[in-house]
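Below is one structure, written out as structure tokens; the observations come after it.
Only the coordinates and a few stated rules stand behind these numbers; no lab work does. Here the structure is a predicted model, which means the values were calculated and not measured. Quick reminder, even Gly has a Cβ in these numbers, built from the backbone with ideal geometry, and neighbours come from all protein chains shown.
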Amino acid sequence: MSFIITLYVREGIVMASDSRLILSAKQVQEGREIIQFGVGLSDSTYKTFLTLNHIGISSFGAPEVQGVPISGYIESFISDELYRNDLQVDEVPQALVDYFRQFDASPDSGFIVAGYKPGEYGAEQHVWEALIKSERVTRLNKPDKWGASWRGVTDILTRLIMPVSITAPDEEPKPLPNYPVQWGFFTLQDAIDYAQYAVQVTIDTMRFHPRPKTVGGPVDILVIKPQAAFWVKNKDLEA
């Protein structure tokens, strides 16, 4: 599993993701198959990618294809399919579905694709979701509407921002005060800060839950603007 988030605000797009690679290991002991769910193999995998034409791609769901981390296949897709066909941001989601459906066992993976495309009144933000198994492609944002979309292990952040009530026997539920996030007032720095917070709070909260620690490692943060894109945080190879 993973946690990825994409925020789209007036000043730009921010994409962030964790770095943990989780698989389920199978062993046969005394004739019985034992499945160890949520075995952590790495805290250095890449889940967010930047293309040369300023399109961001974040992956979630199944982390491998044919026994190999999916990150390598995403890099191959970028170099072999995206550049060769000079795809626009709104064409990339379907191309991802077509690319990963060619394998005998298509991964149960999904992608958030974000970037800008020339529009009638200038560069227009595009944020899309592509789901491989269901072959579904959906646009997540509306023009000039600001917000955020997160995928993977979503329950922790969702609980933090959704309205909640206190219940007691023989009493009506008592709603607690709710303060909706004002995405439209976010500056680009606010979006960066929230992206870092969203990934980190998922990691930190999961630490205290009796559940597989499927989100972890360094946080990568990518910023995309109409004419530029850059990394705020990105893992470097080192020895």
**Message:** Please return the longest range in the chain lying between exposed loop sites, taking GluC sites (Glu not before Pro), DSSP loop only, at most 11 other beta-carbon atoms within 10 Å, and leaving the sites out.
**Reply:** 31-119
**Asked** About its Cα centre, what dipole magnitude does the range 94-173 give when the only charges are +1 on Lys and Arg Cβ and -1 on Asp and Glu Cβ, stated in debye to the nearest 20?
**Response** 360
**Fill in**
With the charge dipole of the chain built from beta-carbon charges (+1 for Lys and Arg, -1 for Asp and Glu) about the Cα centre, the Cα from Val153, Thr167, Phe60 projecting farthest to the positive end belongs to Thr167
**Asked** Counting other Cβ atoms within 10 Å of each Cβ, which chymotrypsin sites (Phe, Trp or Tyr not before Pro) in the range 117-224 have at most 10 and sit in a DSSP loop?
**Response** Tyr121, Phe208
**Prompt:** Taking K and R as +1 and D and E as -1, what net charge do the other residues with C-beta under 11 Å from the C-beta of Phe77 add up to?
**Reply:** -3
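Going by how many other Cβ atoms sit within 10 Å of their own, how do Leu157, Leu222, Leu41 line up, fewest first?
On the way: Leu157 20, Leu222 25, Leu41 14.
Taking fewest neighbouring Cβ atoms as first place, the list is Leu41, Leu157, Leu222.
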**Message:** Give me the net charge for the shell around Leu41: Cβ to Cβ below 12 angstrom, other residues only, Lys and Arg +1, Asp and Glu -1.
**Reply:** -1
**Fill in**
1/(1 + (r/R0)^6) with r = Cβ-Cβ of Asp90 and Leu160, R0 = 45 Å, i.e. FRET efficiency to nearest 0.05, evaluates to 0.90
**Prompt:** So which residue, out of Gln200, Gln227, Gln94, gets the largest mean-square fluctuation from a GNM of the chain using Cα contacts under 10 Å as springs?
**Reply:** Gln227
**Asked** Which of the pairs Lys133/Lys213; Lys133/Lys233; Lys145/Lys225; Lys47/Lys117; Lys47/Lys213; Lys117/Lys142 have their Cα atoms more than 19 Å apart in this structure?
**Response** Lys133/Lys213; Lys133/Lys233; Lys47/Lys117
**Item:** About the Cα centre, charge dipole magnitude for the chain (Lys/Arg +1, Asp/Glu -1 at Cβ), debye
**Value:** 260
**Asked** Which percent of Cα pairs goes in each bin when the distances of the range 3-233 are cut into 10 angstrom slices starting at zero?
**Response** 7, 30, 33, 19, 8, 2, 0
**Prompt:** Say we join alpha carbon atoms closer than 10 Å with springs in a Gaussian network model of the chain; which of His209, His54, His126 then has the biggest fluctuation?
**Reply:** His209
**Prompt:** Working out 0.36 nm times the residue gap between Lys174 and Leu41, then minus their Cα-Cα distance, what length gain in nm do you get to one decimal?
**Reply:** 43.5 nm
**Item:** Projected label distance in nm at Ser79 and Phe103, using a 7 Å step from Cα toward the beta-carbon
**Value:** 1.7
**Item:** Amide H within-cut-off set for Gly216, under 5 Å, with H built and near neighbours excluded
**Value:** Ser19, Arg20
**Prompt:** Hey, if you put +1 on the Cβ of every Lys and Arg and -1 on every Asp and Glu Cβ in the chain, which of Val201, Phe3, Gly72 ends up farthest toward the positive end of that dipole?
**Reply:** Val201
**Prompt:** Which net charge results for the neighbourhood of Pro93, defined as the other residues with beta-carbon distances under 15 angstrom from its beta-carbon, given Lys and Arg at +1 and Asp and Glu at -1?
**Reply:** 0
**Asked** Sorted by mean Cβ packing within 10 Å, highest first, what order do the peptides 163-170, 12-19, 55-62 take?
**Response** 12-19, 55-62, 163-170
